[in-house]
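The values are calculated or read from the model by the stated rules, or taken from the named source; none is laboratory data. Keep in mind that this is a model prediction, so the values were computed, not measured. Glycine gets a Cβ as well: all are built from the backbone with ideal geometry, and neighbour counts include every protein chain shown. The protein model used for the area step is the full one, side chains on, heavy atoms only, and it has no ligands, DNA or RNA in it. Shrake-Rupley method; radii C 1.70, N 1.55, O 1.52, S 1.80 Å.
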Protein chains: 2
Amino acid sequence: MPRYALLVEYDGAPFVGWQRQAGSLSVQQVLEDAAAPLNGGQPAATQASGRTDAGVHAEGQVVQIELSAELEPLRLREALNFHTRPHPVSVLAAARAPEGWSARFSCTGRGYRYRILNRRARPALEAGRVWHVQQPLDAAAMHAAAQSLLGRHDFSAFRAAACQAKSALRTLDRLDVARLGDEVVVHTEARSFLHHQVRNMVGTLLQVGLGRRPASWPRRLLDGRDRTLAGQNAPPEGLTFLFARYDTPPDWC
Amino acid sequence: MPRYALLVEYDGAPFVGWQRQAGSLSVQQVLEDAAAPLNGGQPAATQASGRTDAGVHAEGQVVQIELSAELEPLRLREALNFHTRPHPVSVLAAARAPEGWSARFSCTGRGYRYRILNRRARPALEAGRVWHVQQPLDAAAMHAAAQSLLGRHDFSAFRAAACQAKSALRTLDRLDVARLGDEVVVHTEARSFLHHQVRNMVGTLLQVGLGRRPASWPRRLLDGRDRTLAGQNAPPEGLTFLFARYDTPPDWC
């Protein structure tokens, strides 16, 4: 079965998340069903570089898809964008998968952005794309605290109860917090993240930004490895999957 | 009646535009109805610095509102943001109106942004916020052509058939076109615009960007003053009202 790579943008709002789930609409189902006309009428099998939760968006999700026949990547992209309509899922680029390449297992880095709208007035234009926090946040204090989480650690304190990873050891390469006008924007990157890790880190940093906890608190939480003590899990709508890195990236077209 | 100024953000998608219209939902109606509890139960009278069409968004619309009683601007803002829910209209700031100030007639400059998403794949995240144009655009050629429209001219060639302005003389202060990644973004500013002027100018510049017309064409159209020859009226969803300028700006809080 020829394997292809897809670069995919989606609005997470109407979906139960990336992963197929009986009785609910997932991004995976939209893509697999859209590929059926190109796959002898059968839904095609896909795997994503990062499984996003319900409500989480993607600007550069990378997906592998198996088709029964060879197809020009350009035609694949156009056909999928025709058949995914009217769902807010768009294939930005497609490629023949490199030899031995897996969207998930070949991925060497994943990047996310988390947007906090930090003003009194509720969002009108960015509703569903930001976490609205009305109390003023100290972004510099959040950034300073974030730096203490970088490196290789057991991130048990920031994992979801339902997280299925065998080990909680992860290497956090970037966790930057910056103010951009009314927004406080978090950028983070790691080879991989635990389930809810980004949103739990953001919810924890928020407590520092509000002045309720000192900048040393997130690192103390990390060292304590107790999942029940972290800040709230930040809501999904502020989170966007930005990119997946590969040593041998697909030759997009 | 005390007069207040409001700085307002809205998503134009669900509205027939700024202006009240029987049987359809307008931004004006949402704000006037939301103010009723602060106005002895009666909808309050409003006027906007710029009346936007159906589907056109605003990040910084300025609105005047007359209330029957004095009110702290901060309380006014909070109360309106409570009562405008769940509509995508948000009051970012409020102020007591300066003496003799009118949102519409004191305004000395209005700024708009028009966003074109210029890529093959349809928008997923920016659907309803951009004009999707699949053929590659030459933004530099569009910018060069745009410069020939600056200054004081009769803009009849770019007005709507329904435009009610007595004179088509307007002074265009800025019309910049720039590429930002996948987007071609137009910024424009004038003391005032004719009805549909911005969208007609964008639709005309698009013909230059596609290479179908020379960079000299928009100026020839302008000089010809014939409303029927311009490019298509660019769709409303790409347009956002950004700001209104005043010699004596409201003291926002």
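Going through the stretch B:212-247 one residue at a time, which ones are of a type in the set (Ser, Thr, Tyr) and closer than 20 Å to B:Glu59 by Cα?
B:Thr240, B:Tyr246 - these are the residues of the stretch B:212-247 that are of a type in the set (Ser, Thr, Tyr) and closer than 20 Å to B:Glu59 by Cα.
When you scan the stretch B:99-120, how many residues do you find that are within 14 Å of another protein chain (Cβ to nearest Cβ), assigned to a loop (DSSP other than H, G, I, E, B) and touching a Lys or Arg at 6+ places or on another chain (Cβ under 9 Å)?
The qualifying residues number 2.
What do you reckon, is B:Leu172 of a type in the set (A, V, I, L, M), buried (at least 17 other Cβ atoms within 10 Å of the Cβ) and under 27 Å from B:Gly60 (Cα atoms)?
Yes: the conditions hold for B:Leu172.
Being open to solvent by less than 30 Å² (accessible area, probe 1.4 Å) and charged (D, E, K, R) is true for just one of A:Arg115, A:Arg110, A:Arg104. Which residue is that?
Sole residue among the options that is open to solvent by less than 30 Å² (accessible area, probe 1.4 Å) and charged (D, E, K, R): A:Arg110.
List the pairs whose first member sits in the stretch B:146-161 and is closer than 19 Å to B:Val186 by Cα, whose second member is modelled with pLDDT of 95 or more and of a type in the set (D, E, K, R), and whose Cβ atoms are under 6 Å apart, counting only residues at least 6 apart or on separate chains?
That search, which allows pairs on different chains as well, returns B:Ser148/B:Arg219; B:Phe155/B:Arg170.
Give the residue that is least open to solvent (accessible area, probe 1.4 Å), with candidates limited to residues of the stretch A:89-98 that are away from chain B (no Cβ under 13 Å) and either part of a strand (DSSP E or B) or within 25 Å of A:Ala127 (Cα to Cα) (or both).
Per the stated criteria, the residue is A:Ala95.
Residues checked against (1) more than 21 Å from the chain's Cα centre (by Cα); (2) more than 22 Å from B:Gly211 (Cβ to Cβ):
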{"position": "B:Leu117", "(1), (2)": "no, no"}
{"position": "B:Arg120", "(1), (2)": "yes, no"}
{"position": "B:Glu126", "(1), (2)": "no, yes"}
{"position": "B:Gln134", "(1), (2)": "yes, no"}
{"position": "B:Leu137", "(1), (2)": "yes, no"}
{"position": "B:Ala140", "(1), (2)": "yes, no"}
{"position": "B:His143", "(1), (2)": "no, no"}
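Kindly indicate the residue of the stretch B:175-194 that is closer than 20 Å to B:Val56 by Cβ and free of Cβ contacts under 8 Å to residues at least 60 places away in the same chain and also nearest to the chain's Cα centre (by Cα) among those meeting that condition.
Out of the qualifying residues, it is B:Leu194.
So A:Glu70 passes all but one of these: (1) in contact (Cβ under 8 Å) with a residue 40 or more places away in the chain; (2) within 14 Å of chain B (Cβ to nearest Cβ). Which condition number does it fail?
(2)
Considering B:His195, B:His187, B:His143, which residue is assigned to a helix (DSSP H, G or I) and either open to solvent by 50 Å² or more (accessible area, probe 1.4 Å) or β-branched (Val, Ile, Thr) (or both)?
From the options B:His195, B:His187, B:His143, the qualifying one is B:His143.
I'd like to verify a number: residues in the stretch A:216-246 that are assigned to a loop (DSSP other than H, G, I, E, B) and open to solvent by 50 Å² or more (accessible area, probe 1.4 Å), how many?
Adding up the residues that qualify gives 7.
Going by the structure shown, is A:Ala121 open to solvent by less than 10 Å² (accessible area, probe 1.4 Å), under 21 Å from A:Thr46 (Cβ atoms) and at pLDDT 95 or above?
So A:Ala121 does not fit the description; no.
Condition check ((1) touching a strand residue (DSSP E or B) at 6+ places or on another chain (Cβ under 9 Å); (2) among the small types (Gly, Ala, Ser); (3) closer than 27 Å to B:Leu92 by Cα) across all residues:
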residue: A:Arg115; (1), (2), (3): yes, no, yes
residue: A:Arg120; (1), (2), (3): yes, no, yes
residue: A:Ala124; (1), (2), (3): yes, yes, yes
residue: A:His132; (1), (2), (3): yes, no, yes
residue: A:His143; (1), (2), (3): yes, no, yes
residue: A:Asp154; (1), (2), (3): yes, no, no
residue: A:Ala161; (1), (2), (3): no, yes, no
residue: A:Ala165; (1), (2), (3): no, yes, no
residue: A:Arg170; (1), (2), (3): yes, no, no
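I need a count of the residues in the stretch B:1-31 that are among the hydroxyl-bearing types (Ser, Thr, Tyr) and within 14 Å of chain A (Cβ to nearest Cβ).
1
Which count do you get for residues in the stretch B:124-141 that are within 14 Å of chain A (Cβ to nearest Cβ) and among the charged types (D, E, K, R)?
Qualifying residue count for the region: 2.
Looking only at strands (runs of 3 or more DSSP E) that fall completely inside the stretch A:1-88, which ones have 2 or more residues that are open to solvent by 10 Å² or more (accessible area, probe 1.4 Å) and closer than 26 Å to A:Arg129 by Cβ?
A:3-10
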